[in-house]
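Undergrad: Below is one structure. I have some questions about it.
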Amino acid sequence: MRSVLDPAGPQAAHIAALWWWMFWIFSTVFVLVIAALLVGIFRARARDDAVMTSPSVALQPTRERRIGWTVAACVGLTIVVLIIFLAANVITGHRLALLAADNAVTIQLTGYRWWWKVRYPDPVPARQVTTANEIHIPIGRPVLINTDSQDVIHSFWVPSLHGKRDLVPGNPSAIWIQADRPGRFEGQCAEFCGLQHAHMRLLVIAESEENYQAWLEAQRQAARAPSDPLAQRGLHVFETGPCALCHSVRGTEASGQVAPDLTHFASRATIAAGTLPNSPGHLAAWIVDPQHIKPGNAMPSNSLSPEDLQALLAYLGGLK
Ligand code: CUA
């Protein structure tokens with residue numbers, strides 16, 4: 001679900017409320033203006049007919065004065081409406097900043113062309129979690145997302161949870177979000193960042209505290225060593241081939257830092273930042289020719305033997 005009008009948290013609710021206020025008041029203004037226009041046209045026609053028959057009705061000082069007052073009143077009303085909206089904007093802005101900071105979850109979000117690195121910092125480095133493109137949060141708890149970018153300006157936007165926040169390289173910022181109900185909320189990079197800007201999506205998975213803690217604990221674990229021979233061969237392909245130059249799988253030799261961490265790759269719903277569902281068929285297509293699917297991304301094509309590809313798919317599919 002990706003809609004500003006389907007708020008799932010307090011901030012998105014404030015933004016949606018302001019939106020509905022604007023919608024109804026401006027719709028009313030629009031209807032009144034059109035009605036006044038129609039009345040004006042109708043009356044002007046009637047008057048033109050009258051002027052034809054009796055020229056003396058053309059000059060009417062009282063009428064002129066009345067029109068003058070009406071225009072002045074409308075201008076005054078317009079100013080009042082604009083002032084009301086200025087106040088509503090300021091109040092909404094204040095409310096957006098009013099998220100209690102105690103008991104908050106902290107996440108570090110870094111934008112890359114064209115994916116999101118998601119880190120859950122921990123005072124104990126070994127307990128730190130790194131994942132990509134999918135942010136798990138507990139419901140009913142404020143979440144502080146510290147933002148940064150590795151290359152160009154991106155913008156974090158999950159319409160059901162909050163407005164936009166730009167990720168500016170060299171200029172760390174932050175945004176608070178909170179989800180009040182469980183759900184999967186779609187997000188999208190909202191700042192044009194190059195060729196694959198539209199394929200820079202993300203997913204916020206809001207879940208109960210219990211499920212969130214279980215997820216976090218599972219993500220903290222290093223990757224399990226594969227037990228079946230095919231997946232073992234896949235691990236070998238992964239570690240000795242080009243994959244390990246860019247990707248990390250904690251618990252293996254692969255420790256590349258410039259591409260998404262794949263330690264628990266199979267627990268994610270999509271690949272390539274929401275471009276494809278995470279299924280073996282799509283993954284195979286992606287590994288062999290990522291430039292066809294997402295032209296301009298940083299992953300090169302890979303020519304693997306069919307056996308090695310099957311082994312790699314078996315290995316990656318087991319990284320729960
Ligand atoms: Cu990143 Cu648009």
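The values are calculated or read from the model by the stated rules, or taken from the named source; none is laboratory data. Only a predicted model underlies this, so the values are computations on that prediction, with no experimental measurement involved. With ideal geometry, Cβ positions are generated from the backbone for all residues, glycine too; neighbour counts draw on all protein chains shown.
Undergrad: When the residues of region 299-320 are filtered to those that are outside any loop (DSSP other than H, G, I, E, B) and closer than 14 Å to P242 by Cα, which remaining residue is nearest to the chain's Cα centre (by Cα)?
TA: The selected residue is L312.
Undergrad: Any residue at all in region 234-246 that's out of contact with any Leu (no Cβ under 7 Å at 6 or more places or on another chain), outside the structural domain of H264 (by TED's automatic domain parsing) and free of Cβ contacts under 8 Å to residues at least 60 places away in the same chain?
TA: No, that holds for no residue.
Undergrad: Confirm whether A87 is out of contact with any Lys or Arg (no Cβ under 7 Å at 6 or more places or on another chain), surrounded by fewer than 20 Cβ atoms within 10 Å (Cβ to Cβ) and free of Cβ contacts under 8 Å to residues at least 40 places away in the same chain.
TA: Spelling it out, A87 is indeed out of contact with any Lys or Arg (no Cβ under 7 Å at 6 or more places or on another chain), surrounded by fewer than 20 Cβ atoms within 10 Å (Cβ to Cβ) and free of Cβ contacts under 8 Å to residues at least 40 places away in the same chain.
Undergrad: Note down all Cβ pairs under 7 Å where the first residue falls in region 203-225 and is basic (K, R), the second is part of a strand (DSSP E or B), and they're at least six residues apart or on different chains.
TA: Here the result reads R220/V129, each pair linking region 203-225 to a residue that is part of a strand (DSSP E or B).
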